[in-house]
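This report concerns only the one structure given below.
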Amino acid sequence: MIEELHIRGLGVIEDARLPLASGLTVVTGETGAGKTMLVTALELLLGARADTDLVRSGATAASVDVVVSPPPAEAAEFVDAGDELVVSREIPADGRSRARLDGRPVPAATLSQVLGRHVEVHAQHEHVRLARSDVQRALLDRYAGDPHARTLERYRDAFDTWHELAERADRLERDGRERARELDRLRTEVAEIDAADLDPEADAQLDQRLERLANADAVQQASLEAAAALGSDGAADAVGVGLDALRRVPLDDDAVQQLRDRAGALSAELTELAADVRAFGEEVEADPVELAELQERKQLISQLTRKYGVDVPAVLAYADEARTRIAELELADADADTLAQRVEEAEAQARSIAEDVRRGRRTAAEQLSGVVDDHLGDLGMPHARASIEVAALAGDELAAHGGDKVTFLLAANPGEPPRPIATAASGGERSRVSLAIEVALADVDDAQVLVFDEVDAGIGGATAMAVGEKLARLAAGDGTRRRQVLCVTHLAQLAAFADVHHVVEKGVVDGRTVTTTRVVSPDERASELARMLGGDTTAQAGIDHARDLLDQAEARRVG
């Protein structure tokens, strides 16, 4: 509950404090005195957009503070101690607004999260907004209560899942042609690499084999010459002569023996080397066919390395990567087939829950229509009949809010067909319909603070008394709790029901217009109501009329 509203530098208000209490509080005053600024201040504390044009001329900033007691549960993390929460909003004349909860800076949106469930503002011309289909749907969903809200949440989850899957399916379908082209290319490339039957070790020796075959004749001739020079008719024979001579040396000496051993090893090595050189030369034979095959192999590998990698291992690595990508693309194609089935199932799920939402709305529509009819009878429209149409969207489409178009209808007079409320009634009648709906919704809302800004526009007389009675009963609650209802009004008939009456007054101080507020004492109420009725506040007839209104209001409260 709001204990006090403090406003500084907002519009025509220089500095005003409004102590508030439970029950029905009315705010009255002359046109232009700044009554609506009180509602604007509360809207700012609910996170509304802050416009620097709201700052009073000459002021450096506008600020609004309220003391809320007890603090809402949503404010637990911001309340340091005690049983009060101070909510503040400041609008510098030359900067961005600042919001605070118990002195802690917070984003403006946090104000709505903390107070939004507990403070509800019904601003002027609510009946104009009420003509919008989206507003009507939201109001009906609110009236339908928590079970319906949970069904609606399940629907939104199902709708989001369906749309996410559908978007994925669309992307897969759009990308299908590109995937097919990529698959064809990759499969062709892998087939080309596989056909080459690459062997990193064997293909690494290709250049060496090519060089031997290309020079086969020269290799053979040089090898035979080398073998002859190293063999028994050459170096080997000379070494053998030397070895024989060393064996004849008549000394039993370690040094001589070492020389004999070395000469023997050299003789054996020359013999073996000569044989190996001869064998090497004999192995290398000119083979034009093999040479052509190796040259063709060399050209093939050159083509592959030019296209897929710097060497054979790199080409094989590319082939492995290509196979992985092929598997991914083939999986995407398979996913596209299964995804289509999942999209169908998700749509069916969303449509099924949408039917539950529609049934909940139609049940709530029937109940709300009856309640609104009762209120309309009390508000001077006894023959009016309200109804709420819940119809499927065109083409049986589904939207984020469901598959329904909600239309509030009114048959203002007997024999008339129901029509949308935007065209079915005059401005005053639309105001009463709006009020009837708002009161019906307030009965089921958790909000502890309800603010009505001149919702009585276009009505008067006995109907105004009915409006006052409804707001007073709304404030009284169900007997177990009282609400705080704040109403800005210009009607004395409504003000007569107030538990607390504030007057907003405009004056001139030092050449500047200044707005102040004051609480009307019980002794002053008749005079203030007489002023609102347009009479002389001291004339006995006006005073008597005002007192009669107060008596009627008290009787209707008790009744």
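The values are calculated or read from the model by the stated rules, or taken from the named source; none is laboratory data. From a predicted model like this one, the values you see are computed outputs, not experimental measurements. Note that we place each Cβ from the backbone using ideal geometry, even for glycine, and neighbour counts take in every protein chain shown.
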Starting from the range 88-103, take each residue that is in the same structural domain as residue 4 (by TED's automatic domain parsing) and list its partners that are among the basic types (Lys, Arg) and modelled with pLDDT of 90 or more, counting only C-beta distances under 6 angstrom and pairs at least six apart or across chains. 88/100; 90/98; 99/89
Kindly state which strands (runs of 3 or more DSSP E) lie completely within the range 92-173 and contain at least 2 residues that are at negative phi and hydrophobic (A, V, I, L, M, F, W, C). 98-101, 119-122
Residue identified as at pLDDT below 85, charged (D, E, K, R) and either surrounded by fewer than 20 Cβ atoms within 10 Å (Cβ to Cβ) or more than 30 Å from residue 371 (Cβ to Cβ) (or both) among 170, 146, 157, 102: 170
What about residue 79, is it over 16 Å from residue 103 (Cα atoms) and under 34 Å from the mean Cα position of the chain (by Cα)? no
Might you check whether a residue that is at pLDDT 75 or above and either surrounded by 16 or more Cβ atoms within 10 Å (Cβ to Cβ) or over 26 Å from residue 204 (Cβ atoms) (or both) occurs anywhere in the range 286-299? yes
Pairs with Cβ under 7 Å, 6+ apart, first in the range 29-53 and outside any loop (DSSP other than H, G, I, E, B), second surrounded by 19 or more Cβ atoms within 10 Å (Cβ to Cβ) and charged (D, E, K, R): 29/35; 36/453; 39/453; 44/89; 45/89
I need a count of the residues in the range 242-251 that are at pLDDT below 75 and either in contact with a Gly (Cβ under 7 Å, 6 or more places away or on another chain) or surrounded by fewer than 10 Cβ atoms within 10 Å (Cβ to Cβ) (or both). 3
Scan the range 19-26 and give yes if some residue there is over 20 Å from residue 494 (Cβ atoms), over 32 Å from the mean Cα position of the chain (by Cα) and surrounded by fewer than 23 Cβ atoms within 10 Å (Cβ to Cβ), otherwise no. yes
Take the residues in the range 491-541 that are at pLDDT 80 or above and of a type in the set (Asp, Glu), then tell me which one is farthest from residue 27 (Cα to Cα). 523
If I ask for residues that are assigned to a loop (DSSP other than H, G, I, E, B) and on the phi < 0 side of the Ramachandran plot, which ones from the range 54-70 would you list? 56, 57, 59, 60, 69, 70
Please state which one of 109, 131 is touching a residue at least 24 places away in the same chain (Cβ under 8 Å) and either loosely packed, with under 15 Cβ neighbours inside 10 Å or under 24 Å from residue 50 (Cα atoms) (or both). 109
Residue tally, condition touching a Lys or Arg at 6+ places or on another chain (Cβ under 8 Å) and over 19 Å from residue 454 (Cα atoms), over the range 36-52: 2
Give 492, 476, 464 a once-over and let me know the one that is under 22 Å from residue 23 (Cβ atoms), surrounded by 21 or more Cβ atoms within 10 Å (Cβ to Cβ) and within 45 Å of the chain's Cα centre (by Cα). 464
Take the residues in the range 450-489 that are in contact with a strand residue (DSSP E or B) (Cβ under 7 Å, 6 or more places away or on another chain) and of a type in the set (D, E, K, R), then tell me which one is modelled with the lowest pLDDT. 454
Among residues of the range 376-415 being buried (at least 22 other Cβ atoms within 10 Å of the Cβ) and over 25 Å from residue 147 (Cα atoms), the residue nearest to the chain's Cα centre (by Cα) is 410
Could you list, in sequence order, the residues of the range 372-423 that are among the hydrophobic types (A, V, I, L, M, F, W, C), part of a strand (DSSP E or B) and under 20 Å from residue 444 (Cβ atoms)? 386, 388, 390, 406, 408
